[in-house]
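This report refers to the structure that appears directly beneath it.
The values are calculated or read from the model by the stated rules, or taken from the named source; none is laboratory data. Since this is a predicted model, take the numbers as computed values, not measurements. Cβ: placed from backbone, ideal geometry, glycine included. Neighbour counts: every protein chain shown. Protein only, heavy atoms only, side chains kept; ligands, DNA and RNA dropped before computing areas. Shrake-Rupley method; radii C 1.70, N 1.55, O 1.52, S 1.80 Å.
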Amino acid sequence: MTIDFAVERIDYISLSGPDELLSKELMSPFVWQEPDDARLHLLVRAVPPNKDMQKTESGRIWYGRSSSDGMVFHMDAAPCIVPGPGPMDIRGCEDPTVVQTNDGYVVLYTGVDASGTGHMLYATGKELSSLSKQGVALPDTKSENNVKEATVLRDGDVWRLLYEYAHNGHSLISLTFGEGVAGPWHEQPDPFGLRKGHWDSYHLSTGPLWRGDPDMPVMFYNGADENTDWGIGWVAFSPDLGRVIARSNEPLISPPNDVDGPRDIAFSASLVDNEGTLWLYYSRNDRELRRATIRRSR
């Protein structure tokens, strides 16, 4: 099957809110739209800009809303998920993913413990301003270090969870099927792997799924070479995510060509389908928020 995508434009995303947030470095922008609501909603990770402070806190998660243009988000006065008091996220809260349910919201996030190990945790609530931490969503039995970056595909009572895990010095992507947000989970073969000699030869990380064609879900994933220059590409799957149909040879959003230059990171986090025009929200250099407007070109 022939499929491809093209980036039409890239825009800066800005926030308005308290100085406590605006002084931070921003990443992991999870943006979504709710039924019968023209506004867009955002959860974002905010990280202290001071490297010494990052040794004790890797981030906290804030909530905000924008108008229908999805360009400027007005943030709450205080974060909705903060580190602790439990040990599994005492050092930081990262990588939010929102799932709407009949009871409100489920937010999967990465909790970082005192040793720097990441755990996939979750919180629930009727409102994003009053979430309650529930504990572990997915045990990190498959990973050597970190389980993070949840991407969820739900079909009725079946949860399909794609996530990043660490193995032999690489970041890889795994797939597991579950009966709810906390499982029990049934691990599947990795949906796709590294490609020697390509831009995604050394690391992979999950990105958002597009279901514009229900017979061919597409993930806009993150990949890096051995220099850890991250770019964003895409991969198309069969409906059960068990088979790759097509995959981009080059990234849609590229790291720099000069490998000796400053380190550059483009890392996708969420996708909004605006009547066939795709808005891909991502972070740049682990500090700025961007949005790429993407169209399917064939």
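Looking at region 285-298 only, could you name the residues that are of a type in the set (Lys, Arg) and open to solvent by less than 40 Å² (accessible area, probe 1.4 Å)? Can you show your working first?
Just the residues of region 285-298 that are of a type in the set (Lys, Arg), to begin with: 287, 290-291, 295-296, 298.
Residues satisfying the conditions are ARG290, ARG291.
In the condition set (1) within 25 Å of ARG290 (Cα to Cα); (2) surrounded by fewer than 20 Cβ atoms within 10 Å (Cβ to Cβ); (3) within 18 Å of the chain's Cα centre (by Cα), TRP62 is compliant with all but (2).
For (1) charged (D, E, K, R); (2) more than 15 Å from LEU131 (Cβ to Cβ), each residue gets a yes or a no:
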{"residue": "ASP19", "(1), (2)": "yes, yes"}
{"residue": "LYS24", "(1), (2)": "yes, yes"}
{"residue": "PRO29", "(1), (2)": "no, yes"}
{"residue": "GLU34", "(1), (2)": "yes, yes"}
{"residue": "MET75", "(1), (2)": "no, yes"}
{"residue": "ILE81", "(1), (2)": "no, no"}
{"residue": "CYS93", "(1), (2)": "no, no"}
{"residue": "THR97", "(1), (2)": "no, no"}
{"residue": "TYR105", "(1), (2)": "no, no"}
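When region 148-168 is filtered for residues that are open to solvent by 60 Å² or more (accessible area, probe 1.4 Å) and either in contact (Cβ under 8 Å) with a residue 40 or more places away in the chain or among the polar types (S, T, N, Q) (or both), the ones remaining, listed by number, are ARG154, ASN168.
Taking the criterion of being closer than 19 Å to TYR282 by Cα, at pLDDT below 95 and of a type in the set (D, E, K, R), the only residue of region 34-49 that qualifies is ARG39.
Flag set for ASN145, criterion: surrounded by fewer than 18 Cβ atoms within 10 Å (Cβ to Cβ) and under 26 Å from ARG284 (Cβ atoms). Scanning region 12-44 for residues that are touching a residue at least 40 places away in the same chain (Cβ under 8 Å), part of a loop (DSSP other than H, G, I, E, B) and over 19 Å from the mean Cα position of the chain (by Cα) turns up GLY17, PRO18. Mind checking whether some residue in region 109-124 is modelled with pLDDT under 95, over 22 Å from GLU57 (Cα atoms) and β-branched (Val, Ile, Thr)? No, region 109-124 contains no residue that is modelled with pLDDT under 95, over 22 Å from GLU57 (Cα atoms) and β-branched (Val, Ile, Thr). Determine, yes or no, whether VAL136 is in contact with a Leu (Cβ under 8 Å, 6 or more places away or on another chain) and in a loop (DSSP other than H, G, I, E, B). No; evaluated as a whole, the condition is false for this residue. Taken as a whole, region 187-199 holds at least one residue that is within 19 Å of TYR282 (Cα to Cα) and either more than 17 Å from the chain's Cα centre (by Cα) or not in a loop (DSSP other than H, G, I, E, B) (or both).
Does ASP69 satisfy the criteria of being more than 25 Å from THR124 (Cα to Cα) and assigned to a helix (DSSP H, G or I)? So ASP69 does not fit the description; no. Could you tell me whether LYS133 is in contact (Cβ under 8 Å) with a residue 40 or more places away in the chain, under 22 Å from SER115 (Cβ atoms), open to solvent by 70 Å² or more (accessible area, probe 1.4 Å) and not acidic (Asp, Glu)? Against the criterion (in contact (Cβ under 8 Å) with a residue 40 or more places away in the chain, under 22 Å from SER115 (Cβ atoms), open to solvent by 70 Å² or more (accessible area, probe 1.4 Å) and not acidic (Asp, Glu)), LYS133 qualifies. Residues in region 235-252 that are more than 20 Å from HIS170 (Cβ to Cβ), assigned to a strand (DSSP E or B) and open to solvent by 10 Å² or more (accessible area, probe 1.4 Å): ILE245, ALA246.
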